[in-house]
Each structure stands twice: as structure tokens, then as C-alpha cells.
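J.: Please find one structure pasted underneath; my questions will follow.
The values are calculated or read from the model by the stated rules, or taken from the named source; none is laboratory data. Computed from a predicted model, the values in this text were never measured in an experiment. Glycine gets a Cβ as well: all are built from the backbone with ideal geometry, and neighbour counts include every protein chain shown.
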Amino acid sequence: MNEWAKLDLVVYFAGSLIALTQSIVFLHYYRLFRREHLLLWSGSFLALAIYLATAGASWLLIPHFPAAHPLRLGVSSVSLVAAYIQVVALVMGTLAIWRQRRWTRQQIVRALVLASVFGVISTLLFAFDPSMVQERLVMRIGLRYLITAAAALSMGLAIAWHWPRRRLGQQMTALALSIYGIDQLHVFSAYVLTALGGESWPWMRYTTIATLLAPLFISYGLVIWLLEDERDRAESATDAAERLRLFDQLTGLPNRSQMLGHLSQQMQHAQGAALLLVRLDNLGNIAAASGMDGVDLALSSSAERIEEVARANGMVAARPGADHIAVHGAGVAGASAAQRVAEQILAALALPLFCNGREIAIEASVGIALAPQDASTSESLQSRAEMARARAQSDGAMRYCFYAPDLDVAAKARLALQSEIRSAFANNEFVLEFQPMLDGWNLEVCGFEALVRWQHPQRGRLLPEAFINELEPLGLVETLDAWVLEQACTSACAWQRIDREIITVAVNVSAYSFQRRRFPEVIEALLKRTGLPAASLEIEIIESIAMEHPEHAALSIEHLRELGVRVMLDDFGTGFSSLKHLRQLPFDGLKIDHSFVVDVLIDPRDAAIVRAMLALAHSLGLEVVAEGIETAAQLAWFQSAGCDRLQGFHFHRSMPQQAVLELLGLAAAAPSKSQMPVS
Ligand code: C2E
Ligand code: MG
Ligand code: MG
């Protein structure tokens, strides 16, 4: 063995040792980072180590064994299998990190098996024919160099093609792969030369060093690439954490703390700033009808629409609270511009929205506060916008309102009222009164409407309009409904006489209670508990409750009617009064609102409408009640129009239970004083 051959051997074994070290380094990184390409790289360098070691061993075996000896063939097979596995694993690993490719286990195994089979076949081809030494060499060694060269060069050039700026790892890998590819091509050409009977390149001996160093630089490049990649991942994870801290996840809008920061800057650096606070007021109802999916959809599409309006007006949107979306900006000069933005927001929210094929109607209120006139800090600007918004909400759905100093006073009064309401529940200050309803034919009392009153310790007897809207923000609507229902049913039990027609009790039920899925079951249990016949109970709901989710309302009404409970549509003539809903929903009857009753005698056109409505209702088999009859003339008109029941001050005002019993001639049977639930 001459000096050069010894050097070749040193290169093989030293290269094998270096490759083994690289393989261990990648395996270590794989354990740390658990990324697939590291395992592929580790495998590739292990295969390179095996290839180099076995290639060196093959050289040592040549003088001692013939070419077709099983030991030489075995060592050569291992060597070539390892060589092809090295190429395949290197390419797959590099593609995994470079192109973010995810290989399946099956794909990896398949590629490695293919490489192995190819390695074994190319070892055995021409192995048993001594006359084909050159072909065998080209097949076994030359082809391996050619394939390795093609793979390394194409990978290197592909990565270098879009020269990765400021990515040392990728740059180094691209260069080292290209050099490795050129070196392997060079070695291949030498083999072709010798196979054709010529001499190898004279400089061949000196380039062996490239064969040793190129894989080393490839692995350095890959390690640096890995570290740079991990740094990027850490940075993007930090960005994501920062986004979570500053942005709302559902809508992607800035959250409250970021909004207040922006707003402060706008208030400091600009002449004036505006804050519009939008609240989606009916999320509770949407949740009851469409579940949390509906709520998420309502919130995200509202946010999108509001953000679009904000952008068009040079403003910024944010989500400062669960059901609030804000729009703020320094570019909005004065009240008229802010008013225009509020109108655009409400118009955008009024556009139809569908969840699983069902329409969701969004109800919103907008409060507007302007700096510097309304507040000097972003926090107080927000609280003033909220006061204005609360006023807008109490004015009705889809309204906006500007902050005004008297709202402060009103807000304080509201707070005081809310705390009084809480103690009213605890102190049993609510009482139930009953207003008689008369049969339209013989004007005999046939039922009563239960109406709640608040016996306020200082302000005396308060009507529902003074407090009923305040129950919702306190979450006490259902508590009141439950108490009224219990009280009304218990009281009505005392009115029933076996020998007479049943006397009904009509109870007004809020949207909150009626839209609960289990409402009919609650009524069923209540009737069982109190012993009131189902036919004696009437539930009054207003049109907006029924209209919001007609299919759900229809199911509940149907269920209640199956129990024998009657369901009436209250305040007919005040809302949208769609006759279509009358046909869709299986009501037992409708109550014509007091305002319509008044109009009938003033405007002949209203009279014609009510007459037509009565005819239509009767043709649909619905009973009609006229409420708010105050004069003999109104009584006469409705009686002659064929109204089934009449109610109003002309006959009786609402009265306590004792007076009901006296009116029905049952005074002796007065029940004990009612008890309020303590909430
Ligand atoms: P509503 O269900 O339409 O009740 C009829 C209202 O008309 C009652 O007012 C009654 O006192 C009034 N009224 C009756 N006859 C006449 C009349 O001849 N002229 C005039 N001007 N008014 C008449 P009230 O008691 O103030 O109740 C107002 C509304 O408050 C009710 O309208 C109902 O929507 C709600 N409400 C009353 N009690 C309850 C309750 O227990 N629970 C719930 N959820 N709501 C209730
Ligand atoms: Mg009513
Ligand atoms: Mg009414």
C-alpha cells in the first residue's frame, strides 16, 4: 500500500469519526427540540460514518479476498446501503426545515427501504463476473458518486437560488452542499476516466481533503441553521404571547389596556379625540337561541363591521369588554363627525347576519364621549361614553347618545335605584295586584291580569315602568318573573269555584324567562305545585320576544298549549305587528294595546284597521282582548266590534288580592300574606 492509499484510508476513517460525532450532535439536538429534521440529519451522518468506515474496510480487504467473496460483498453492500441512506436522509431532513415539509413515518421508511434496495442491487450487479471489473466499479462506486453529487448539488443550488439574506446557517449549508456536490462529481469523473481505460486526474490526490471537509461544513451549516431557526421560533412565540397580552383573541382587536394607552396618546397629542362605545345588548338572547357559536359569530362579525366603519373614518377599533366594542380616534373633529360614525356603525350592525341558516338580529347601543370637553383621561372618557351608552340603551334598541353632564346625575340615581332594588327583594317590598278582565258579551269578570308594584319605603307605590328595566342589568328579571308566577298561581287558586266558570290569571313574562329552553317545564312544575288548573293560567308575551326567534317561540307556545295553558300576544299594535307572525305562531289570542284603543275613536283609518284586524284574528281562531278601555265610547265601539274581552280603568284599576276576593264574592277565603323570595 503506497503513501497515497494510506492517506485515503486515513481520510475514510477520520471522516467516519467526524460524521459519527455530527450524528451524535444532531441526535442530542433532536432530544432537545424534538424536530423531525434533526433525526433525519442525525441518521444521515450516521449513515455517512458507516459508509466511510465500511468503504475504508473494503480497501483493506481487497488484497486478501477475491471480489466476489461474501465478506467483500457483504461489506460493500453495507457501505452502499449506508451511502444511499445518507443522501436520502440528508435531502429529506433539509427539505423538512427549508420547505417546512412534514414527512410521514411511512414516507421516511419507504424512502430508506428504496435506498437500501438500490444499494444492495448496485453492489451485486456484475459482482460474479470477473471480466466486468470496470462495470462493477462504475455501478458500485461511480453511480454512488454521481447520485450523491446530483442530490448535494441540486439541494445546494436550490437553497442558494433565493440567496437567504442574514441567514448564515442556510448560506453555509448551501455553499457546503454545492462544494460537496462538485467534489463528488469530480470523483465520479475520475472513475469514468479509469473505467474508460485512462488515468485518473493527476490532481486527484490533493482534492481528497474536500471530500473530508465538505460534510463537516454541511453539518456546521445545519447546526447554525437549526439555531437560527430556533431563535426565529422563540421570537415568534414571544410575538404571539405579546399579541395575547394586548389583543382580544376572538376579534383580533386591541384589548382594553391597549385601547386606553392609544386613547391617552390621542388625547395628549391631538386637539380633540372621540370615543364611541358600542355594546351588543342582546347577547344573552342570542346565546339562549343559538348557543355560544351564535354569540361568537355575532361578536366577530360585529367587530369586523365596526372596524370597517372605523377604518373608513380614520379611527381605530378595540374590544374593551366582553360585549363592548369601541371606536376611537383623533381625526374625528366634533360632535357631527362622531354622530355620523355612530349612525354608520348602527347601520352596519343592522345588516342581516346568519348562523346555521338562522337569522341573528343584533341589538346595539352606542355611547359617545368627546375629549377634551367630556374628560381629561382615557379612563374617565371611557366611563362617560359608557354612561351615554346606558342612556342610549334605555331609550330603545339601536340608538346612540352623547355624554352630557346630567348623565352623571342620572347614572348616580340609577346606581342608587339598583341598590334599592336589591334590598327590595330582600325586604319583600314587591306586591302583586290584579286588574280585572271582563267578558265582552256580558261584561262579567272572567279573569285578572297580574301586575307587579313596588311598595317603596320612601317613594310609595311604584309602577313597573319605574324599575322593571333596571332588573335586567342586575340579573334579577327571572327572579321577579318566578316570584310573580308563583304568587299569581297561588292567588288564582283561591278564585276558582267549582260551580262557576274558571277565572283566569294572566301573567306577563319577560323575554329572559320565556326564551329559556325549559320554560314550559318550569310552568308545568309550578301548576303541579300550586294545584292551579292549567286552563286558569294565561301567559302574556310581547311581540319582540316572539319575533326574535320565531321557531323557538313556536315550540314553547306549542308546549304550553299542550299543557292547557293559554298564550296571548301582548301590546299588539305597538311593535312591528306583523300579521305574518300571527299566522306563524300558535297564539290563543292577542291584546290590542291601549294606544290603539285610544286611536280608534280619533282616526277613522285606525278604526278600519282595528276592525280588519279583529276580523282576521277571529278568522284565525284567535281571541281578542282590548286593553286600556277608559271611556264608555271606547267600550261601546269595542263591544260592537265583537271584542272578546275588555280591560281598562273604565271598569277597574289593578287591585290587591283581598279586593279581588271581595269582587268575586269570596272575601272569606283570603289566603295568608305572600312571601317574597330572598335573592
Ligand atoms: P301590560 O302587560 O300591557 O299591562 C297593562 C298595563 O296597562 C298596566 O300598566 C295597566 O295598569 C295599564 N292599564 C290598564 N288599564 C288601563 C287604562 O284604562 N288606561 C291606561 N292608561 N292604562 C291602563 P302597568 O301595571 O304599569 O304595567 C306596565 C307594563 O309593565 C305591563 O304592560 C307589562 O308589560 C309590565 N309588567 C307589569 N307587571 C309585570 C310583571 O309582573 N312581570 C313582567 N315581566 N312585566 C310586568
Ligand atoms: Mg300584559
Ligand atoms: Mg299590554
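J.: Just checking, does the stretch 199-209 include any residue being at pLDDT 80 or above, aliphatic (A, V, I, L, M) and surrounded by fewer than 17 Cβ atoms within 10 Å (Cβ to Cβ)?
T.: Taking every residue of the stretch 199-209 in turn, none turns out to be at pLDDT 80 or above, aliphatic (A, V, I, L, M) and surrounded by fewer than 17 Cβ atoms within 10 Å (Cβ to Cβ).
J.: Within the stretch 400-428, can you find the residues that are outside any helix (DSSP H, G or I) and crowded, with 18+ Cβ neighbours inside 10 Å?
T.: Initially, the stretch 400-428 is screened for residues outside any helix (DSSP H, G or I), giving 400-404, 427-428.
Matches in the stretch 400-428: Tyr400, Cys401, Phe402, Tyr403.
J.: What single numbered condition from (1) over 30 Å from Val522 (Cβ atoms); (2) among the polar types (S, T, N, Q); (3) within 16 Å of ligand 3 (Cβ to nearest atom) fails to hold for Ser619?
T.: Just one mismatch for Ser619, condition (3).
J.: Taking the stretch 439-471, which residues are surrounded by 12 or more Cβ atoms within 10 Å (Cβ to Cβ), within 17 Å of Ala426 (Cα to Cα) and not hydrophobic (A, V, I, L, M, F, W, C)?
T.: Answer for the stretch 439-471, where residues must be surrounded by 12 or more Cβ atoms within 10 Å (Cβ to Cβ), within 17 Å of Ala426 (Cα to Cα) and not hydrophobic (A, V, I, L, M, F, W, C): Arg453, Gln455, His456, Glu470.
J.: Test Arg583 against the stated conditions and say whether it is within 40 Å of the chain's Cα centre (by Cα), away from ligand 2 (no atom under 16 Å from the Cβ) and not β-branched (Val, Ile, Thr).
T.: Numbers: within 40 Å of the chain's Cα centre (by Cα): yes; away from ligand 2 (no atom under 16 Å from the Cβ): yes; not β-branched (Val, Ile, Thr): yes.
Yes; evaluated as a whole, the condition is true for this residue.
J.: Met613 fails exactly one of the following numbered conditions: (1) within 16 Å of ligand 1 (Cβ to nearest atom); (2) more than 37 Å from the chain's Cα centre (by Cα). What is the number of that condition?
T.: Every condition holds for Met613 apart from (1).
J.: Scan the stretch 464-487 and tell me whether some residue there is farther than 18 Å from Leu432 by Cα and either within 16 Å of ligand 3 (Cβ to nearest atom) or touching a Phe, Trp or Tyr at 6+ places or on another chain (Cβ under 7 Å) (or both).
T.: No; the residues of the stretch 464-487 include none that is farther than 18 Å from Leu432 by Cα and either within 16 Å of ligand 3 (Cβ to nearest atom) or touching a Phe, Trp or Tyr at 6+ places or on another chain (Cβ under 7 Å) (or both).
J.: Just checking, does the stretch 541-557 include any residue being within 16 Å of ligand 2 (Cβ to nearest atom), modelled with pLDDT of 90 or more and closer than 22 Å to Val452 by Cα?
T.: yes
Every residue, every condition in (1) in contact (Cβ under 8 Å) with a residue 12 or more places away in the chain; (2) surrounded by 14 or more Cβ atoms within 10 Å (Cβ to Cβ); (3) part of a helix (DSSP H, G or I), yes or no:
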position: Lys591; (1), (2), (3): yes, yes, no
position: Val598; (1), (2), (3): yes, yes, yes
position: Ile602; (1), (2), (3): no, no, no
position: Asp606; (1), (2), (3): no, yes, yes
position: Val610; (1), (2), (3): yes, yes, yes
position: Leu614; (1), (2), (3): yes, yes, yes
position: Gly621; (1), (2), (3): no, no, no
position: Ala626; (1), (2), (3): yes, yes, no
position: Ile629; (1), (2), (3): yes, yes, no
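J.: Can I ask one more? Look through Val565, Val484 and report the one residue that is closer than 24 Å to Ala667 by Cα, in contact (Cβ under 8 Å) with a residue 40 or more places away in the chain and within 16 Å of ligand 2 (Cβ to nearest atom). Spell out the reasoning first.
T.: Numbers: Val565 fails: closer than 24 Å to Ala667 by Cα.
Sole residue among the options that is closer than 24 Å to Ala667 by Cα, in contact (Cβ under 8 Å) with a residue 40 or more places away in the chain and within 16 Å of ligand 2 (Cβ to nearest atom): Val484.
J.: What tally of residues in the stretch 101-119 results from selecting those that are surrounded by fewer than 17 Cβ atoms within 10 Å (Cβ to Cβ) and more than 50 Å from the chain's Cα centre (by Cα)?
T.: So the answer is 1.
J.: Shifting gears a bit: Quick check on this structure: which one of Glu524, Glu543 is under 31 Å from the mean Cα position of the chain (by Cα) and among the acidic types (Asp, Glu)?
T.: Details: Glu524 fails: under 31 Å from the mean Cα position of the chain (by Cα).
Exactly one residue qualifies, and that residue is Glu543.
J.: For the stretch 359-391, how many residues are hydrophobic (A, V, I, L, M, F, W, C) and under 15 Å from Ala273 (Cα atoms)? Please lay out each step first, then the result.
T.: Here is the first cut: in the stretch 359-391, the residues hydrophobic (A, V, I, L, M, F, W, C) are 360-362, 364, 366, 368-371, 375, 381, 385, 387-388, 390.
Filter again for under 15 Å from Ala273 (Cα atoms), leaving 368-371, 375, 381, 385.
Looking only at that region, the number is 7.
J.: Only residues that are charged (D, E, K, R) and within 24 Å of Ala397 (Cβ to Cβ): list them for the stretch 332-377, please. Even if it seems obvious, please write down each step before you answer.
T.: Going residue by residue through the stretch 332-377, those that are charged (D, E, K, R) are 340, 343, 358-359, 363, 374.
Once the filter is applied, which keeps residues that are charged (D, E, K, R) and within 24 Å of Ala397 (Cβ to Cβ), the stretch 332-377 yields Arg340, Glu343, Arg358, Glu359, Glu363.
J.: Could you check the stretch 296-391 for strands (runs of 3 or more DSSP E) lying wholly inside it with 1 or more residues that are out of contact with any strand residue (DSSP E or B) (no Cβ under 9 Å at 6 or more places or on another chain), modelled with pLDDT under 95 and surrounded by fewer than 22 Cβ atoms within 10 Å (Cβ to Cβ)? So that I can check it myself, show each step before the final result.
T.: On the way: elements: 316-321, 324-329, 353-355, 358-360, 364-371.
In the stretch 296-391, the matching strands (runs of 3 or more DSSP E) lie at 353-355, 358-360.
J.: Please tell me if Trp454 is within 24 Å of His650 (Cα to Cα), more than 12 Å from ligand 1 (Cβ to nearest atom), among the hydrophobic types (A, V, I, L, M, F, W, C) and outside any helix (DSSP H, G or I).
T.: Values: within 24 Å of His650 (Cα to Cα): yes; more than 12 Å from ligand 1 (Cβ to nearest atom): no; among the hydrophobic types (A, V, I, L, M, F, W, C): yes; outside any helix (DSSP H, G or I): yes.
Answer is no for this residue.
J.: If I filter the stretch 266-283 down to residues being under 21 Å from the mean Cα position of the chain (by Cα) and surrounded by fewer than 23 Cβ atoms within 10 Å (Cβ to Cβ), which single residue comes out as nearest to Gly294 (Cα to Cα)?
T.: The qualifying residue nearest to Gly294 (Cα to Cα) is Leu283.
J.: Quick test of your reading of the structure: Cys446 fulfils all but one of (1) within 37 Å of the chain's Cα centre (by Cα); (2) within 16 Å of ligand 2 (Cβ to nearest atom); (3) of a type in the set (A, V, I, L, M, F, W, C); (4) at pLDDT 90 or above. Name the failing condition by number.
T.: (1)
J.: Among Asp599, Asp603, Asp570, which is within 16 Å of ligand 2 (Cβ to nearest atom) and acidic (Asp, Glu)? Break it down stepwise before answering.
T.: Numbers: Asp599 fails: within 16 Å of ligand 2 (Cβ to nearest atom); Asp603 fails: within 16 Å of ligand 2 (Cβ to nearest atom).
One residue alone meets the criteria, Asp570.
J.: Kindly indicate whether any position in the stretch 494-509 is more than 9 Å from ligand 1 (Cβ to nearest atom), among the small types (Gly, Ala, Ser) and assigned to a helix (DSSP H, G or I).
T.: Let us first name the residues in the stretch 494-509 that are more than 9 Å from ligand 1 (Cβ to nearest atom), namely 494-505.
Those still in the list that are among the small types (Gly, Ala, Ser) too: 494.
Subsequent filtering for residues that are assigned to a helix (DSSP H, G or I) retains none.
Taking every residue of the stretch 494-509 in turn, none turns out to be more than 9 Å from ligand 1 (Cβ to nearest atom), among the small types (Gly, Ala, Ser) and assigned to a helix (DSSP H, G or I).
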